[in-house]
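Here the structure comes first, spelled out in structure tokens, and everything after it is commentary.
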Amino acid sequence: MSAPLQIGLLLFPKLTQLDLTGPVQVFAGIPNAKLHLVWKRIEPITSDSVLTLTPTTTFADCPPLDVICVPGGAGADDMVNDEEVLAFLRKQAEHARFITSVCTGSLVLGAAGLLSGYRAATHWSAREHLAAFGAIPSTERVCVDRNRITGGGVTAGIDFALTLVAHLVDRRIAEVIQLRMEYNPAPPFNAGSPDTAPSEVLALVNERIAPFKARRAEAVARAAARFSAHAAGA
């Protein structure tokens, strides 16, 4: 029997749990795969909802991964300047078959220098920041560029994960997982994109997230300055 596929997903405080748990549910259906929830320490991690998540391994004990996946959320704004996290991602990326993210997790990959020259997706509210890390912003729900696979915001994590399974194993397995999950979305409203949402809904969301966007812009500016200095010295 071949060695199990090693799939690791980064945990961090204030992550968006669906960015993580959507892909985890998909990946759990891959035959002969071992999933790891990775953080600096084994300690409860508070998500951006009522759910608390527990790592299964630490950076130090994590095995070499075939897939590394970074979810997003408000906490990702801190991770773009966390050198321990960025160093871990760079180390795992040296041998990983696929380097991936969901939502604003792509900004963390970018800050680690792992998206330079690659097309990448992220949450629509953060797309403007990808270029600061040398990435090429994509509006796709799931963006595949060589061995970088990045998903858009939150719910795109399931689409991303099924796409990855098709590349990692095969399409039939991905379809089996999709059917078992009854993933057959039919949203009750057509407000899931800034391109289709009513203007008043978009305005309300933009008003509510304005403080978070300002905080993200400041965090990205600091991380981009470090990224540029490192690139100049390379």
#### Entry: Residue among Val169, Val220, Val154 that alone is under 22 Å from the mean Cα position of the chain (by Cα), modelled with pLDDT of 95 or more, surrounded by 14 or more Cβ atoms within 10 Å (Cβ to Cβ) and on the phi > 0 side of the Ramachandran plot
Val154
### Query
Restricting the range 128-141 to residues that are part of a helix (DSSP H, G or I) and in contact (Cβ under 8 Å) with a residue 12 or more places away in the chain, which is nearest to Asp77 (Cα to Cα)?
His129
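Okay, residues lined up against (1) out of contact with any Gly (no Cβ under 8 Å at 6 or more places or on another chain); (2) more than 27 Å from Val142 (Cβ to Cβ); (3) in a strand (DSSP E or B); (4) among the polar types (S, T, N, Q):
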position	(1), (2), (3), (4)
Val38	no, no, yes, no
Glu43	yes, yes, no, no
Val50	yes, yes, no, no
Pro55	yes, no, no, no
Asp61	yes, yes, no, no
Pro64	yes, no, no, no
Ile68	no, no, yes, no
Asp78	yes, no, no, no
#### Entry: Candidate set from the range 172-214 (those that are closer than 23 Å to Phe98 by Cα and charged (D, E, K, R)); member that is nearest to the chain's Cα centre (by Cα)
Glu175
### Task
Starting from residues that are within 30 Å of Asn184 (Cβ to Cβ) and surrounded by fewer than 22 Cβ atoms within 10 Å (Cβ to Cβ), keep the ones in the range 31-47 and report whichever is nearest to the chain's Cα centre (by Cα).
Leu37
### Checking Lys34 against (1) in contact (Cβ under 8 Å) with a residue 60 or more places away in the chain; (2) not in a loop (DSSP other than H, G, I, E, B), the condition it does not meet
(1)
### Query
Restricted to the range 80-98, and to residues that are in contact (Cβ under 8 Å) with a residue 40 or more places away in the chain, in a helix (DSSP H, G or I) and among the hydrophobic types (A, V, I, L, M, F, W, C), which residue is nearest to Ser47 (Cα to Cα)?
Val85
### Summary
Of the listed residues (Ser125, Ser101, Ser116), the one being in a loop (DSSP other than H, G, I, E, B) and of a type in the set (Ser, Thr, Tyr) is Ser116
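Check the range 162-174 and report whether any residue there is small (Gly, Ala, Ser), out of contact with any Asp or Glu (no Cβ under 9 Å at 6 or more places or on another chain) and farther than 16 Å from Leu18 by Cβ.
Yes.
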### Task
Output the residues belonging to the range 48-77 that are closer than 26 Å to Ser2 by Cβ, out of contact with any Phe, Trp or Tyr (no Cβ under 9 Å at 6 or more places or on another chain) and of a type in the set (Asp, Glu).
Asp61
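The values are calculated or read from the model by the stated rules, or taken from the named source; none is laboratory data. Note that the structure is a prediction, hence the values are computed from the model and not measured. Positions of Cβ are generated from backbone atoms using ideal geometry, with glycine treated the same way; all protein chains shown enter the neighbour counts.
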